[in-house]
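Single-structure report; data block below.
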């Protein structure tokens, strides 16, 4: 809520070939700087300023350091979480980004007021929204506002990692009563198949 900024002052980069732009260290997809054997991760490289993102970048850097194949960090498929009340979580593309990229979409959106567990807990503020490709049904983005969504986004992350379709995500059995039912319902709602909403 207060904002963050990379701070490279006083870390000694002026004595290296590492490049800094707008206060952030520039790295390649393996987290390497322009200085051999110097890697950077986390807030200092900019991007998504979240602890789990830095941890994933760290794993990528370690793989690179030991000579293992390092997969490129996919920031689009990186879950984003805001720990507020209500909580906010998302992964993938927004509708505006899909429109910008010319991707045909279909959308399913279910309010937490339609989710039994949210009703039981008296916390029905918010919704779950699933954006899928209109032709392939590939999940392009998931956006949530509401109770425990910073936990619930992990299921969407796994679904996107394994390139699940909206139908596959919705067809997975979600225990009842759980907040995860909202994600399943929203995925089914992409094609008008939601059961409880």
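Data overview
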item	result
Contour excess over end-to-end distance, with Cα ends at residue 26 and residue 69 and 0.36 nm allotted per residue	13.5 nm
Computed helical MRE - 222 nm, the chain, DSSP H runs ≥ 4 contributing -39500 (n - 2.57), nearest 500	-8000 deg cm²/dmol
The range 12-165, relative contact order in percent, only Cα pairs under 8 angstrom and at least six apart counted	17 percent
Order of 162, 112, 127 under a 10 Å beta carbon neighbour criterion, fewest first	162, 127, 112
Rounded if a/c under 1.5, otherwise prolate or oblate - the range 1-65, Cα gyration tensor axes	oblate
Exposure proxy ranking, count of Cβ atoms within 10 Å, fewest first, for 143, 148, 52	52, 148, 143
Alpha-carbon centroids, the range 126-157 and the range 45-116: separation in whole Å	11 Å
Span per principal axis, largest first, for the Cα atoms of the chain (Å)	62, 35, 32
Distance in nm between pseudo-label sites at residue 8 and residue 161 (7 Å out along the Cβ direction from Cα)	3.1 nm
Length-normalised contact order for the range 109-197 - Cα pairs under 8 Å, 6+ apart - percent	33 percent
Cα-derived Rg to Rh of the range 1-117, Kirkwood definition	1.07
Ranked list, fewest to most other Cβ atoms within 10 Å of each Cβ, for 85, 80	85, 80
Protection proxy ranking, peptides 89-96, 183-190, average beta carbon neighbours within 10 Å, highest first	183-190, 89-96
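The numbers here are math on the coordinates, done by the rules we state, and not lab data. Treat the numbers as computed from the prediction; the structure is a model and nothing was measured. Using ideal geometry, Cβ is built from the backbone for each residue, glycine included, and neighbour counts are taken over all protein chains shown.
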